[in-house]
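J.: One structure, pasted below without further comment.
The values are calculated or read from the model by the stated rules, or taken from the named source; none is laboratory data. Only a predicted model underlies this, so the values are computations on that prediction, with no experimental measurement involved. Cβ placement follows ideal geometry from the backbone for every residue including glycine, while neighbour counts extend to all protein chains displayed.
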Amino acid sequence: MSYSDTIAAADSQISRFNNWDGIDAESVARMQLQNRFKTGLDIAKYTAKIMRADMAAYDADPANYTQSLGCWHGFIGQQKLISIKKHFGSTKGRYLYLSGWMIAALRSEFGPLPDQSMHEKTSVPALIEELYTFLRQADARELGMIFRELDEARKAGDAVKAKAIQSRIDSYETHVVPIIADIDAGFGNAEATYLLAKKMIEAGACAIQIENQVSDEKQCGHQDGKVTVPHEDFLAKIRAVRYAFMELGVEDGIIVARTDSLGAGLTKQIAFTREAGDIGDQYNSFLDCEEVTEIGHGDVLISRDGKLLKPKRLPSNLYQFRTGTGEDRCVLDCITSLQNGADLLWIETEKPHIGQIGGMVSRIREVIPNAKLVYNNSPSFNWTLNFRQQVFDAWTAEGKDLSAYDRAKLMSVDYDGTELAAEADERIRTFQRDAAAQAGIFHHLITLPTYHTAALSTDNLAREYFGEQGMLGYVKNVQRQEIRQGIACVKHQNMSGSDIGDDHKEYFAGEAALKAGGEHNTMNQFAA
């Protein structure tokens, strides 16, 4: 409904009751518009449709790839979206990512933890709810400022301006965007996955990312010691998430199936198989085995092609895969996931290399033509070194003179001003665009950007403030930059909801309202 229609509807409701005369229809309409999403399920349904539309747009043209940044606090997510609207005018194609790594490191009651699913699983839906609470508050804040503009235009008798402002209200774009939420390996069996997925969806998640590692052996995707599960175990969890979406009425809900097989050389189980060539047999075919003629004490054996084979078992009771089978296992993981209910893929890689990713995607698309990826543009990669090495290798293949460079020292600051460094930086700049076109990547994300930006900015502030610069270290490098760059948080009272509270006080108490935003509020110093 338009702003006028919302006011009329509120007025109609108020008029039904003789004792509601103190309730103002326009104030009700404003509060309703400032709180468009009443539940997390409202958000999940709304954002799922956005993602589905974006996926279709990408299928039509890979230039329509999407992006997100990871968040560990509602305020961080809110500020990202405020900045996106400020700089680009629209949130289209821009999401948030909820990283399990960040929750483990920053949100657990046990203190900082490694990314091994040891944190409280309830903290995942709690953070989703928190993120959307802050995004909804961003809507309320921005709309409140627009309502104030409307009141000022009316007070000045400027009907043309008032009409234009009402048009802005009617076409208002919310800060609420899709969140791709990390459920790790499901925090237990398929039933545990289903129960947690429901909590995440009820909090607002429209897209859930789940990985094929063993839940109680889970490792960060960029560390060693990863252990995968047989396909049927993983597919049971994918189905569990789909049932959760369907039960809650989020029919457009999105499942991102992540494979860690590229860097995982171990499995905890030998897959169950009914016949040669089935999915269990294919999983087992990657096991590192040796042929045996007699059974030794404690041996575990499998039969293949009439031969007895002994899978290599470690003291940890884990079985190892054959070296060099990672890509083949990734491709099989991806195909089976898409054939059994997943919507998007995530292939965890050890480096950002378009050729490597694109090679696997090409094989997947031979079976699933519209296969699409979510890709982790991870801070775990040394992007500078990786791309300088890629350029060095490409130039070597072209026969270019590289006598001025030492491949082993390419990270050195001495190379920063070189032609090779410039070419590497250009490849980094266009990586997302190029990978979307050449490697099937629909969505690019950085898992933990604000973990690093918070550490960097805090280090810089501490050096200046506790050093020779003193208070100037804060004023010059923080507050003055906030003012010059129009950072909304310079008015931190407004950002925290003080003006929204003042509006409500006026609605509730009229002339008797004791408001905080008067002439003595020091936030007025930033009006200039």
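J.: Residues to consider are A138, A181; find the one that is within 23 Å of T66 (Cα to Cα), touching a Cys at 6+ places or on another chain (Cβ under 9 Å) and either modelled with pLDDT of 95 or more or basic (K, R) (or both).
T.: Going through A138, A181 in turn, just one is within 23 Å of T66 (Cα to Cα), touching a Cys at 6+ places or on another chain (Cβ under 9 Å) and either modelled with pLDDT of 95 or more or basic (K, R) (or both): A181.
J.: Sticking with this structure for a sec: As an exercise: evaluate E152 against (1) under 24 Å from D260 (Cα atoms); (2) in a helix (DSSP H, G or I); (3) among the acidic types (D, E) and give the number of the one condition it does not meet.
T.: If we test E152 against (1) under 24 Å from D260 (Cα atoms); (2) in a helix (DSSP H, G or I); (3) among the acidic types (D, E), just (1) comes out false.
J.: Suppose the filter is buried (at least 16 other Cβ atoms within 10 Å of the Cβ), aliphatic (A, V, I, L, M), in a helix (DSSP H, G or I) and in the same structural domain as D333 (by TED's automatic domain parsing); does I165 pass it?
T.: So I165 passes the test.
Conditions (1) in contact with a Gly (Cβ under 7 Å, 6 or more places away or on another chain); (2) at pLDDT below 95; (3) among the hydrophobic types (A, V, I, L, M, F, W, C); (4) closer than 17 Å to A205 by Cα, marked per residue:
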{"position": "Y46", "(1), (2), (3), (4)": "no, no, no, yes"}
{"position": "K49", "(1), (2), (3), (4)": "no, no, no, yes"}
{"position": "A63", "(1), (2), (3), (4)": "no, no, yes, no"}
{"position": "Q67", "(1), (2), (3), (4)": "yes, no, no, yes"}
{"position": "I84", "(1), (2), (3), (4)": "no, no, yes, no"}
{"position": "G100", "(1), (2), (3), (4)": "no, yes, no, yes"}
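J.: How about region 233-345: which strands (runs of 3 or more DSSP E) wholly inside it have at least 2 residues that are in the same structural domain as M200 (by TED's automatic domain parsing)?
T.: It comes to 254-259.
J.: Of (1) under 32 Å from the mean Cα position of the chain (by Cα); (2) without any contact (Cβ under 8 Å) to a residue 24 or more places away in the chain, P379 satisfies all except one. Which?
T.: (2)
J.: Ok, one more. Is it true that S117 is in contact (Cβ under 8 Å) with a residue 60 or more places away in the chain and either outside any helix (DSSP H, G or I) or closer than 21 Å to M1 by Cα (or both)?
T.: Against the criterion (in contact (Cβ under 8 Å) with a residue 60 or more places away in the chain and either outside any helix (DSSP H, G or I) or closer than 21 Å to M1 by Cα (or both)), S117 qualifies.
J.: Condition first: over 30 Å from I179 (Cα atoms) and either basic (K, R) or in contact (Cβ under 8 Å) with a residue 60 or more places away in the chain (or both). Now tell me which residues in region 439-478 satisfy that.
T.: R463, K476, listed by residue number.
J.: Still on this structure: Could you list, in sequence order, all residues of region 79-116 that are closer than 18 Å to T47 by Cβ and charged (D, E, K, R)?
T.: K80, K85, K92, R94
J.: Still on this structure, I have one more. What are the residues in region 382-398 that are in a loop (DSSP other than H, G, I, E, B) and within 24 Å of the chain's Cα centre (by Cα), if any?
T.: Across region 382-398, the qualifying residue is only N382.
J.: Out of everything in region 408-438 that is without any contact (Cβ under 8 Å) to a residue 12 or more places away in the chain and in a loop (DSSP other than H, G, I, E, B), what residue ends up being farthest from W346 (Cα to Cα)?
T.: G417
J.: Here is a further query. Show me the helices (runs of 4 or more DSSP H) entirely contained within region 439-528 in which 1 or more residues are small (G, A, S) and either outside the structural domain of T133 (by TED's automatic domain parsing) or under 28 Å from the mean Cα position of the chain (by Cα) (or both).
T.: Correct list: 449-465, 471-474, 498-509.
J.: List every residue pair whose Cβ atoms sit under 7 Å apart, with the two residues 6 or more apart in sequence or on different chains, where the first one lies in region 232-250 and is more than 21 Å from Q269 (Cα to Cα) and the second, anywhere, is among the acidic types (D, E).
T.: What qualifies is L248/E202.
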